[in-house]
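Note sheet for the following structure.
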Amino acid sequence: MEINKVLYFSRVYELKSIRKAAEVIKMSPGSLSKSIKSLEDELGVKLFIPDGRNIIATDEAHKIYEKSQSLLRAYREFNSETDELKLKESTVRVGSWEVFTTYLMGKFCRDEIAHLDLDIEVLEKTPHQLESSILSNEVDIGISYAPVTHPDLKYYKICKMSFAVFGNKSFLFQDFKNWPFAVPIDKVENSITNIQELDNWPAEIERKIKYRFEMLETALEVARDGVGVIHCPKFIIELQNQKLLTKYQLVELPYPSPKQSSTDIYLITRKSYPENKIVKKLAKSLRVNCS
């Protein structure tokens, strides 16, 4: 039995008229009458009796109408839920912290998303919040270089990201032990990349920490003002320097170790989330801009 036949029957029953129901449904009275006759044949009962120019619902029609309402309510709820699902599918929610949300996602939206019929939400999530936000369906795709494993999550290793020490050129003439570092307040625990500091500073090298900030942009401002240095991904400084006057541009300072710091970048999704075009485009953007 087609659901439309039940919908048409319900409307005729409520309006007590084939003609009025046909106007509402936007079909011809003849087609609507054929649909009602077809439903009568399927059910094996008479639903309406002619009464001059009007129609009268039969006893069987009253019973069927009452029973049909729960079916139609379920049908409408189903349609509503599938419409909501379609809306969610047209919106991709990407979660990460400032390293990527501030310094990558604008470029990603311009180069990869602007021409697509797709909405994107970028949510700020600390490394401690990211995995739980993906598991709770608040975030679809996470970007992280400090991921924590979970059996219900899928991890895509995308590329390696290099870090360096940056500051005003005046620090080139100062001893490393006197450099005043601006560092993140947040720590990293149990990451599969084994980093302990959010700025990926090597644990075996001691440094002078003068400033602690929640926001990377604040640390960058301290560095641009010449009163501190930072350890951060190289791609951020390359992007920053393109927009700054020469006197405010940061320079890469000599690394206090023969081996510079680097770490892997991962995309994280639920295992149930498909490897769609946005996952692939994000991976491409990370490889092009961050490695």
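Exactly one residue out of K234, K259, K271 is assigned by TED's automatic domain parsing to the domain that holds P151, modelled with pLDDT of 90 or more, exposed (fewer than 13 other Cβ atoms within 10 Å of the Cβ) and within 30 Å of E131 (Cβ to Cβ): that is K271. Which of the residues belonging to segment 186-232 are of a type in the set (V, I, T), closer than 18 Å to F163 by Cβ and more than 25 Å from the chain's Cα centre (by Cα)? If the condition is that a residue be of a type in the set (V, I, T), closer than 18 Å to F163 by Cβ and more than 25 Å from the chain's Cα centre (by Cα), then I195, I205, I209, V222, V229, I230 are the ones that fit.
Table: residues versus (1) surrounded by 17 or more Cβ atoms within 10 Å (Cβ to Cβ); (2) assigned by TED's automatic domain parsing to the domain that holds L135; (3) basic (K, R); (4) at pLDDT 90 or above.
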site	(1), (2), (3), (4)
R19	no, no, yes, no
L32	yes, no, no, no
N79	no, no, no, no
L104	yes, yes, no, no
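If you take the residues in segment 1-17 that are charged (D, E, K, R) and modelled with pLDDT of 85 or more, which one is nearest to G52 (Cα to Cα)? Lay out the reasoning, then the answer.
Step one: filter segment 1-17 for residues charged (D, E, K, R), giving 2, 5, 11, 14, 16.
Then keep just the ones that are modelled with pLDDT of 85 or more; that gives 5, 11, 14, 16.
Values: K5: 24, R11: 20, E14: 18, K16: 12 Å.
Selected residue: K16.
Scanning segment 85-98 for residues that are assigned by TED's automatic domain parsing to the domain that holds I236, surrounded by 10 or more Cβ atoms within 10 Å (Cβ to Cβ), at pLDDT 85 or above and assigned to a helix (DSSP H, G or I) turns up at least one hit. Can you name the condition, by its number, that F166 falls short on among (1) over 16 Å from L250 (Cα atoms); (2) under 33 Å from the mean Cα position of the chain (by Cα)? So the condition that F166 fails would be (1). Which ones in segment 160-201 are part of a helix (DSSP H, G or I) and buried (at least 19 other Cβ atoms within 10 Å of the Cβ)? Selection gives F171 alone.
The values are calculated or read from the model by the stated rules, or taken from the named source; none is laboratory data. Source: prediction; values computed, not measured. As a convention, Cβ positions derive from the backbone with ideal geometry for all residues, glycine included, and neighbour counts pool all protein chains shown.
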